[in-house]
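Asks: Have a look at this one.
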Amino acid sequence: MSGAEHDFGAFVAARATSLLRVAYLACGDEVEAEDLLQTALERTYRKWDRVSHDNPEPYVRRVIVNAAISRARRRAILKIVPMHSPPETAARAGDPDLLHVLMEALRALPPRQRAVVVLRYWEDLSEQQAAEVLGCSVGTVKSQASKAMAKLRTALGRDTVEGVISNAHA
């Protein structure tokens, strides 16, 4: 095993759990999160000689978020395409668990807003760091966060959202 392969393996061993959490929060589905992480790690490995000199984690996060947004856009386009018969939809579970309710509310957000919420509040990145990961301006991060939080407050109620945000790192 070469030094670069060893370094990449050590990076994956150290950060895979955290990166999988980002992927899960970005897409809201466990299986898709694993696919997103695998895609991100594959792309990172191909560019490891350039990425590894600095901290590679922001690069991997950016790949995860961009892939999640791309997949969500593709699914949205596929929903527009007419079908011969409508697909069966799963019944909504009546689970009162707050995490379940929160994940449903996150899934309802547009992909970019969901990415901002995940990066800012779960990953505790600054607005500047989130902007770098998303490849946008700090103002865009602020406006997307504001819109996302307004939607979450409407969907969940102000007290619920504030409680979840304050307990996210507990």
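Asks: For V164, work out the one condition from (1) at pLDDT 90 or above; (2) over 26 Å from T39 (Cα atoms); (3) surrounded by 14 or more Cβ atoms within 10 Å (Cβ to Cβ) it doesn't fulfil.
Replies: For V164, the failing item is (1).
Asks: With respect to the numbered conditions (1) modelled with pLDDT of 90 or more; (2) open to solvent by less than 70 Å² (accessible area, probe 1.4 Å), which one is the sole condition not fulfilled by K147?
Replies: (2)
Asks: What pairs come out if I take residues in region 53-65 that are part of a helix (DSSP H, G or I) and pair them with residues that are among the polar types (S, T, N, Q) and surrounded by 20 or more Cβ atoms within 10 Å (Cβ to Cβ) whose C-beta lies under 6 Å away, six or more apart or interchain?
Replies: Going by the 6 Å Cβ cut-off, the qualifying pairs are V60/T44.
Asks: Continuing with this model, one more query. Does region 44-57 include one or more residues that are in contact with a Pro (Cβ under 9 Å, 6 or more places away or on another chain) and within 20 Å of L25 (Cβ to Cβ)?
Replies: For region 44-57, residues in contact with a Pro (Cβ under 9 Å, 6 or more places away or on another chain) and within 20 Å of L25 (Cβ to Cβ): present.
Asks: Another question about this same structure. Sort out which residues of region 111-120 are surrounded by 21 or more Cβ atoms within 10 Å (Cβ to Cβ) and of a type outside the set (D, E, K, R), and write them in order of number.
Replies: Within region 111-120, Q113, A115, V116, V117, V118, L119 meet the criteria.
Asks: What are the residues in region 36-57 that are open to solvent by less than 90 Å² (accessible area, probe 1.4 Å) and within 17 Å of S70 (Cα to Cα), if any?
Replies: Correct list: L36, L37, T39, A40, L41.
Asks: Test each condition in (1) more than 9 Å from the chain's Cα centre (by Cα); (2) crowded, with 16+ Cβ neighbours inside 10 Å for A33 and report the one that comes out false.
Replies: Every condition holds for A33 apart from (1).
Asks: Spot the failing condition for A26; the list is (1) open to solvent by 50 Å² or more (accessible area, probe 1.4 Å); (2) in contact (Cβ under 8 Å) with a residue 60 or more places away in the chain, and only one is missed.
Replies: (1)
The values are calculated or read from the model by the stated rules, or taken from the named source; none is laboratory data. Bear in mind that the values here come from a model prediction, so they are computed numbers and not experimental data. Reconstructed Cβ throughout: ideal geometry from the backbone, glycine too, with neighbour counts over all protein chains shown. Surface areas here come from the heavy atoms of the whole protein model, side chains and all, with no ligands, DNA or RNA. Shrake-Rupley method; radii C 1.70, N 1.55, O 1.52, S 1.80 Å.
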